[in-house]
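What follows is a set of notes on a single structure, which appears directly below.
The values are calculated or read from the model by the stated rules, or taken from the named source; none is laboratory data. Keep in mind that what you see is a predicted model, and the values were worked out from it rather than measured. All Cβ positions, glycine included, derive from the backbone under ideal geometry; neighbour counts span all protein chains shown. Just so you know, the surface numbers come from the protein's heavy atoms only, side chains and all, with ligands and any DNA or RNA stripped out. Shrake-Rupley method; radii C 1.70, N 1.55, O 1.52, S 1.80 Å.
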Amino acid sequence: DGGITQSPKYLFRKEGQNVTLSCEQNLNHDAMYWYRQDPGQGLRLIYYSQIVNDFQKGDIAEGYSVSREKKESFPLTVTSAQKNPTAFYLCATAEVRNEKLFFGSGTQLSVL
Amino acid sequence: DAKTTQPTSMDCAEGRAANLPCNHSTISGNEYVYWYRQIHSQGPQYIIHGLKNNETNEMASLIITEDRKSSTLILPHATLRDTAVYYCIVTSTGTASKLTFGTGTRLQVTL
């Protein structure tokens, strides 16, 4: 982390509910990313954005949505269409054309 | 991007050097080797990266074989706080969107 703030740290979702995970950065990085991590597994890319007002789907975008209205912010919404949302969600930033990622401390999402 | 192979887990005594291997036999000439680590319930942390020469920073050393088909991350004096999952990643695209974090090596540092 260090310049990347994810909130909340723990989040609970009821059936059929949309929830939004926050990611804010003050590193002045153009690129921002959302990953999902299931227990004992690696990271999978959900969405990424390399510039304000533009974003691309990653490998597992179904059931998720994002926006990038400001350089500092890249919120992730987990919609009711995501049938298995329980996971650890990680936000990351990087300078464009750079593979050195900086990660936030993550949000653990669970279903009630 | 080239695929990597890492051992599932390793143990290391505190104070000793931890040597974490990574095989990337299909690496191409313009692909870099990156290492990250993830301490439990935290986000991954960048450690080091290299192309062909050995690299060293305040956290670790990276040794890449001459044929570039494998590499070793060295933590010279492991501490309990180095217990984490270590990811070896090979990429050439110049964008982090193509980084693939597999299951890595779980390093357990013991007293």
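Of note:
- Selection of the stretch A:35-78 for residues being away from chain B (no Cβ under 13 Å), basic (K, R) and open to solvent by less than 20 Å² (accessible area, probe 1.4 Å) yields only A:R68.
- Filtering the stretch B:35-56 to residues that are assigned to a strand (DSSP E or B) and either in contact with a Lys or Arg (Cβ under 8 Å, 6 or more places away or on another chain) or open to solvent by 60 Å² or more (accessible area, probe 1.4 Å) (or both) leaves B:Q45, B:Y46, B:I47, B:H49, B:E55, B:T56.
- Total residues in the stretch B:52-111, condition without any contact (Cβ under 8 Å) to a residue 60 or more places away in the chain, among the charged types (D, E, K, R) and under 18 Å from B:G29 (Cβ atoms): 6
- Lone qualifier among A:V111, A:V96 - being surrounded by fewer than 20 Cβ atoms within 10 Å (Cβ to Cβ), touching a Pro at 6+ places or on another chain (Cβ under 7 Å) and of a type in the set (V, I, T): A:V111
- Only a single criterion out of (1) modelled with pLDDT under 95; (2) more than 8 Å from chain B (Cβ to nearest Cβ); (3) closer than 19 Å to B:T95 by Cβ is not satisfied by A:L112, namely (3).
- For the stretch A:44-83, the set of residues classified as closer than 22 Å to A:N18 by Cα, in contact (Cβ under 8 Å) with a residue 24 or more places away in the chain and not small (G, A, S) consists of A:I46, A:Y47, A:I60, A:Y64, A:V66, A:R68, A:F74, A:P75, A:L76, A:T77, A:V78, A:T79, listed by residue number.
- Among (1) out of contact with any helix residue (DSSP H, G or I) (no Cβ under 8 Å at 6 or more places or on another chain); (2) within 14 Å of chain B (Cβ to nearest Cβ); (3) open to solvent by 40 Å² or more (accessible area, probe 1.4 Å) - the single one A:Y89 does not satisfy: (3)
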